[in-house]
1. Kindly check whether there is at least one residue in the range 16-35 that is closer than 17 Å to Leu171 by Cβ, modelled with pLDDT of 95 or more and not aromatic (Phe, Trp, Tyr).
2. Which ones in the range 59-85 are touching a residue at least 40 places away in the same chain (Cβ under 8 Å) and of a type in the set (S, T, N, Q)?
3. I need the full set of residues from the range 359-374 which are of a type in the set (Asp, Glu) and in a strand (DSSP E or B), in order please.
4. Has the range 130-147 got any residue that is among the charged types (D, E, K, R), in the same structural domain as Ala58 (by TED's automatic domain parsing) and not in a helix (DSSP H, G or I)?
5. Within the range 18-58, track down each residue that is surrounded by fewer than 19 Cβ atoms within 10 Å (Cβ to Cβ), in contact (Cβ under 8 Å) with a residue 12 or more places away in the chain, on the phi > 0 side of the Ramachandran plot and not charged (D, E, K, R).
6. Restricting attention to the range 353-368, does a residue exist that is out of contact with any Ser or Thr (no Cβ under 9 Å at 6 or more places or on another chain), away from the ligand (no atom under 15 Å from the Cβ) and under 22 Å from Tyr265 (Cα atoms)?
7. Among residues belonging to the range 402-412 that are assigned to a loop (DSSP other than H, G, I, E, B) and within 20 Å of Gly354 (Cβ to Cβ), point out the one that is farthest from the ligand (Cβ to nearest atom).
8. Looking at this structure, is Val254 touching a His at 6+ places or on another chain (Cβ under 6 Å) and either within 19 Å of Asn280 (Cβ to Cβ) or buried (at least 20 other Cβ atoms within 10 Å of the Cβ) (or both)?
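The values are calculated or read from the model by the stated rules, or taken from the named source; none is laboratory data. This is a predicted model, so every value here is computed, not measured. Note that we place each Cβ from the backbone using ideal geometry, even for glycine, and neighbour counts take in every protein chain shown.
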Amino acid sequence: MDTNEFKRRRQRLLELMGKGSMAILPTAPEKNRNSNTRYPYRSDSNFYYLTGFPEPEAIAVFIPEREQGQYILFCREKNAEKETWEGRRVGPDGAKALYGADDAFPLSELDKLVPPMIATCQRLFYPLGYVEDFDKLIMGWMNGLRRRVREGIVTPTTMVDLAYVIHELRLRKTEAELSNMRRATDISIRAHKRAMALCRPGLHEYQLAAEIEHEFAKSGCRSPAYPTIVASGANACILHHPDKYDVLQDGDLVLIDAGAELDYYASDITRTYPVNGRFNKQQKIIYELVLKAQKAAINKVYAGNRWIEPHQAAIQVITEGLKDLGILVGKVEDLIQEEAYKKFYMHRIGHWLGMDVHDGGVYKVEEEWRELKPGMVMTVEPGIYLPAIPEVPDEWRNIGVRIEDNVLITEGGHEVLTANLPKTVWEIEEFMANNQTQAQNVYGYDESGYDTGGMAEKPDLLVRSRNLVDDDIDSADVEKDATDFDFGN
Ligand SMILES: [Mn+2]
């Protein structure tokens, strides 16, 4: 993204804050995955939004109308030895030259330089309660200054949640941001198509996830925007099914919720389709009901409407539909009043989308549901989940369907950014029928399923979450499998 875009953002924040105030914003801490191995680093979105600075251990300070410069960055010092082990560092000089900081200092100067700056302002902006260590640091500085009140030192009287302020700035996207988001959605569409073409009974859920993420990485996305969900059969009734160990079964549906992150911008798409390429009667009925609800909701996404209206439209369709099928019993208006649909559709219609997949920005303003405005991007993702519980008649059990698109609110209405991905029953069946053989040839799949290259021949030794019931646990078998497993090499 162009450095001027970051500069314009900082300018907007400085103007909003006004003279007599100061903002302090840390980036995200690094996180350990296990032992001393770290997760790949990803900056805090608010911090990156204003700075474009990608390194960990950095703190930005903004002081409107400060003569020596309004944007000060504290970051890691250059260190030849550390850089050899852990990677390059920009250093304070680089922060000024490459990232537009007016002033930049090593982190070691933080304690010395920041408290005197705090003592010059009345309003202190910082992200309240996001990073515990940082809250402590701020309170420590404040208390240190208060102890010196007899020296004439004055401390800020107002604390403002900086995260809230930046989230509001981020809510309506600029052309540069939308260009990133369009690219992220286009790449995600390609990835979903790849999975759709390769899907077949016998694959593991994680293998479809691997196909999706391969397409992301190949196209320049260094990470998914959130952990990829591949949930087949009964697993589709778990909203954020965390494991991907199960084998795709002939006759089941598979739900894939996956989106690429490109240059710090997210996409978030869900499609649900039959593992074998053909919907059965019940699956088709539920699928088309969710699709009808999604269409009704998308029709309510336009500038001037309230945030809640697409959700209400979806609830109406889903409640009527479930009543027609005999899954809900009663009068539609009563069922809506009692929120009876929540047993089978328990989440909201969607969320803001941007740098974070669940992007910042409040949904209610002064007790009113927020008005939709051009430049906002939201997901529209109704679902119906019918697990094997007594309230669900046998023929409907273990059907879980969610359909999710990314919708930009425009001056004239809306634009579905993810429109080029098969969605109707006909489109999906047609696409799968036309592409499966070709995909098989291109990627080397055979009729029996996925080529494991001779590795991991017993992946279901790990977990068989879906199939594992008490009767299945045969300790003799488990022991045998475990000793057969080759731990060598
Ligand atoms: Mn979503």
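1. Yes, because at least one residue in the range 16-35 is closer than 17 Å to Leu171 by Cβ, modelled with pLDDT of 95 or more and not aromatic (Phe, Trp, Tyr).
2. Within the range 59-85, just Gln70 meets the criteria.
3. Listed by number, the residues that qualify are Glu368, Glu371.
4. Within the range 130-147, one or more residues are among the charged types (D, E, K, R), in the same structural domain as Ala58 (by TED's automatic domain parsing) and not in a helix (DSSP H, G or I).
5. Across the range 18-58, the qualifying residues are Gly18, Gly20.
6. Among the residues of the range 353-368, at least one is out of contact with any Ser or Thr (no Cβ under 9 Å at 6 or more places or on another chain), away from the ligand (no atom under 15 Å from the Cβ) and under 22 Å from Tyr265 (Cα atoms), which makes the answer yes.
7. Filtering the range 402-412 down to residues assigned to a loop (DSSP other than H, G, I, E, B) leaves 403, 410-412.
Adding the requirement that they be within 20 Å of Gly354 (Cβ to Cβ) leaves 410-411.
Numbers: Thr410: 20, Glu411: 25 Å.
Among those residues, the one meeting the criterion is Glu411.
8. In short, no.
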